[in-house]
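J.: Take this structure, written in C-alpha cells, and hold onto it; I'll ask about it next.
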Amino acid sequence: MTASLILPPALALFLGAAILTIARGWLRSAVMLLAPLAALGLVWMVPDASWGVGGYLGYDLVLVRGDRLSRWFGTIFAIMAFAGGLFALNQENRLETAAAQAYAGGALGVVFAGDVLSLFAFWEVMALASTAVIWSAGPEARPAGLRYLVMHLFGGVLLMTGLAGEVQATGSVAFTAMVPDTPARWLILAGFLINAGAPPLSAWLPDAYPKASYTGMVMLSAFTTKTAVFVLLRGFPGAEVLIWVGLFMVFYGIVYALLADDMRRILSFSIINQVGVMLTGIGVGTTLALDGAASHAFASVLYTALMLMAAGAVIRGTGRARLSELGGLFRSMPITTACGLIGVMTISGLPLTVGFVTKAMIGSAAAKENLALVWYLMIPAAAGVALYAGCRFSWFVFFQRDSGLRPPDPPWNMRLAMVFVAALCLLLGMVPDLLYAHLPYASIYNPYDGAHVVSQMQIVVFAALAFVLMIGVLRPSATITLDTDWLYRRFGLTVWRLTSQAIWTVWYLTSLATWTLTVQALTELRLAVREGFLSERHGSSTMAIFAVGMLVFYLAVLLIF
Amino acid sequence: MSTLHPFTDRTAKRLWIIFIAILAATLAGGLFVHLHGLGGIEESFGFPAWYGFLACVVLVGVSRLIGFILKRPDNYYDG
C-alpha cells in the first residue's frame, strides 16, 4: 500500500474505449494504437506492490497487485491490444473497436486484480465486452453471440457462487493459490474452466468466434482463454485434475481441427488444443511447468493472432472462409502467405520460432517429474499440431489446387500488423532470453540443445510426411462436426418443442372439456329456469346463498383459467 | 495429380527430392545427439520420427471415425 502513484493499466484501455465510442478519423486511429501502448507502459511501471481503493462491503479492494506473473500476462495482453488495434484500423464498426479495447482492458483488470471481488467485476466486463465484439459482426452473429453470452454468464454464476463460499469460509477476499478440496473451490475452478474452453462446455468457442468479424476474432482469440490460463496459474497451480482436462483438450482440439472446413473453426479448435497444453503444464505444477504454461500462453497469443490475421486477410480478400473453397492464394497474397506460414511454423514448434522455446518446457517438466503418460502424449500432441495447422491449414488455404481466386494482400496496416507479430514470433524464438529473463517463476531453461532440436524437427517433418501420404482423407468438405452444443441447440430445442406441444395439447383438451360441460350446464340451467328450481318462489336468504355460490364459482373459474 | 497441387510436375518432383532429403537429414541428426526421455525406448534412434508419424496415422484414423458418426452438412443448424 505504499506507492500512491500506481495506475491500473486497465485504465488506459477503458479510457481509450470510451473515446473510441465517439471518435472519428485520425483521433480514432491514434487512440486504437496509443491506448494499448500507454497500457503497456503502465504494466511495466507496476512495482511488486499492491494498491487498493478502500473497502466494499467491508472488504479491502486491491485493484492492482504487481508481481512477475501479472506483468507477464499484462505485457502480452497490451502487445496484443496494440497489434489487434493496428490490424483493425480500417474496421469501420465503432462499437466493435470500442468493445474490443474495453475487452482488452477487462483482461488487464483481471491479471492485476488482487482480490476476488474486483477480479469478478473485470471478469464480467470481459464477458459483456466480448459479446459486444461478436454482435458487432451483424445480425448473423446474434444467435451465436447470445449463446456465448449465456454460457459466460453461467460461468460467472458458478464463479460468483464459489467465490462467495470461499470468502465466507476464509473471511478474506485475497486471490491466492488454492487446492480444489471444497465444493466452493470446485465451483471456482469450473467457472475458470468454462472460459478456458474446457470440456464439456467448450462448444461456445468454435460456435461463437467464427461468427465475429475477421478483426473481432483476432481480439477474441487472445483474451478470454488466456485470462483463464492466468487465473488457473494463480489459483490452482498443481491441481492434478488440470492434467487430465488439459490432455483431453489437446486431443479433442486436434481431432476436431482435422475435420473442420472453416478456417476460423480450425483455429478455434486450435485455441482449445493449445490451452490444453497450458492446462497440462499448470496441472504438473513444478516451477518449470508453470513457467512453461505461462510462456506458452505468451507465445500462443502471438501465433494464434498471426494465423487469424492471415485468415482474416483471406476472408477480406475472397469473402470465403472454407478450405474447400480456397486454394492457390500464395500467388496473389505473398505477404499474407509468408506471415501465415510463420504462424503455422511457430505453432508447430519449429526451431527459431517462439513456439519451440516455450512448449518444450512443459514436456521437460513432465519428464523431470517422471510423468510418463504426459511425456508420451506430448509427442503425439506436437505431431498432431504440425499435422492440422502446420500442414492441413496452410496447404489448403494457400497452396493445393488453384481456386482461381486472386485476392491482393490486405491494406498496409493489416500487413504491418501481421509482419509485426511474425517478427515477434521469430525474434523471441531466436533470442529466447528476452522472454526467459522475465519468467514468472524464474526457472532456468535452455531450449536449444541438440537433442531437443533434432527430436522436434523429426516430429514435425514426419508429421508432414504423414500429411502428404494421407492427404486424400484430410481433404476438406463442406461439413461441420457435431459437438456438445448439439445438446442445447438441437436436443434441448426438440425436448422444449415436444414439451410445449404436450402442454398445448393438454390445455386444448381441458378447454374443450370445460366448454362442453359449460354448454351442458347452461342447458340444464335453462331447463331449471323454465320448469324447475329457478321458476319457483324462494326466500331472500336462499337467494343470497345462491348468489354467493355463483360468485365463488366465478372466482374459481377466473383463478383456474 | 495436377488438380491436387499448384506446381508443375517438374517442380513437384524437385520438391519431393528436397522433402526426402530433409526427412533423411533430421533422421541423421539423431546420430549425433542423445535424445532426452525417461530412460526407455523413447531414447532410441529415430523414436520421435516414427512415434510422431504413427501418432498422426492414429489421430487421422480417430478423426475419420468421429467424422463418420458426427459429420453433418454445414447448414445443419440453419434449418
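J.: Quote the convex hull volume per residue of region A:70-203, based on C-alpha atoms, as a whole number of Å³. Mind dumping the intermediate values first?
T.: Values: hull volume 14.1 nm³, N = 134.
Expressed per residue, the convex hull around the Cα atoms of region A:70-203 is 105 Å³.
J.: In 10 Å bins starting at 0, how do the alpha-carbon pair distances of region B:37-79 split up by percent?
T.: 24, 28, 22, 16, 9, 2
J.: So what does residue B:71 come to for accessible area, using a 1.4 Å probe and Å² rounded to 10?
T.: Here the residue's solvent-accessible area equals roughly 60 Å².
J.: Using only the alpha-carbon atoms of region A:162-249, report the extent along each of the three principal axes, biggest first, to the nearest angstrom.
T.: The Cα atoms of region A:162-249 stretch 44, 26, 17 Å along the principal axes, largest first.
J.: Can you give me the accessible area per residue for the protein assembly as shown, using a 1.4 Å probe, in Å²?
T.: Values: 27220 Å² over 640 residues.
Normalised by residue count, the accessible surface of the protein assembly as shown is 43 Å².
J.: Scaled to the compact-protein estimate 2.2 N^0.38 Å, what is the alpha-carbon radius of gyration of the protein assembly as shown, rounded to two decimal places?
T.: Numbers: Rg = 30.0 Å, N = 640, 2.2 N^0.38 = 25.6 Å.
In units of the globular-protein estimate, the protein assembly as shown measures up at 1.17.
J.: In the protein assembly as shown, what percent of the accessible surface is made up of carbon and sulfur (1.4 Å probe, ligands and nucleic acids excluded)? Intermediate results must be reported in sequence, preceding the final value.
T.: On the way: 19140 of 27220 Å².
Whole-percent figure for carbon plus sulfur exposure: 70.
J.: Where in region B:21-43 does accessible area fall by at least 30 Å² between the isolated chain and the complete protein assembly, at a 1.4 Å probe radius?
T.: SASA drop of 30 Å² or more in region B:21-43: B:23, B:26, B:33, B:35, B:36, B:38, B:42.
J.: Take residue A:170 and residue A:531, extend 7 Å from each Cα along the Cα→Cβ direction, and tell me the distance between the two endpoints in nm.
T.: Reported label-point gap for residue A:170 and residue A:531 is 8.7 nm.
J.: Let me ask another. What's the total accessible area buried between chains B and A, using a 1.4 Å probe, rounded to the nearest 100 Å²?
T.: On the way: alone 7420 and 24320 Å², together 27220 Å².
So the total buried area for this chain pair works out to about 4500 Å².
J.: Continuing with the same structure: Relative contact order (percent) for region A:140-476, with alpha-carbon contacts under 8 angstrom and 6 or more residues of separation?
T.: Values: 560 pairs, mean separation 59.2, N = 337.
Relative contact order comes out at 18 percent.
J.: What lysines does residue A:211 reach when the alpha-carbon gap must be under 26 Å and sequence neighbours fewer than 8 apart in one chain are set aside?
T.: The qualifying lysines are A:226, B:71.
The values are calculated or read from the model by the stated rules, or taken from the named source; none is laboratory data. Since the structure is predicted, the reported quantities are computational estimates derived from the model, not experimental observations. Backbone-built Cβ (ideal geometry, glycine too); neighbour counts: all protein chains shown. Just so you know, the surface numbers come from the protein's heavy atoms only, side chains and all, with ligands and any DNA or RNA stripped out. Shrake-Rupley method; radii C 1.70, N 1.55, O 1.52, S 1.80 Å.
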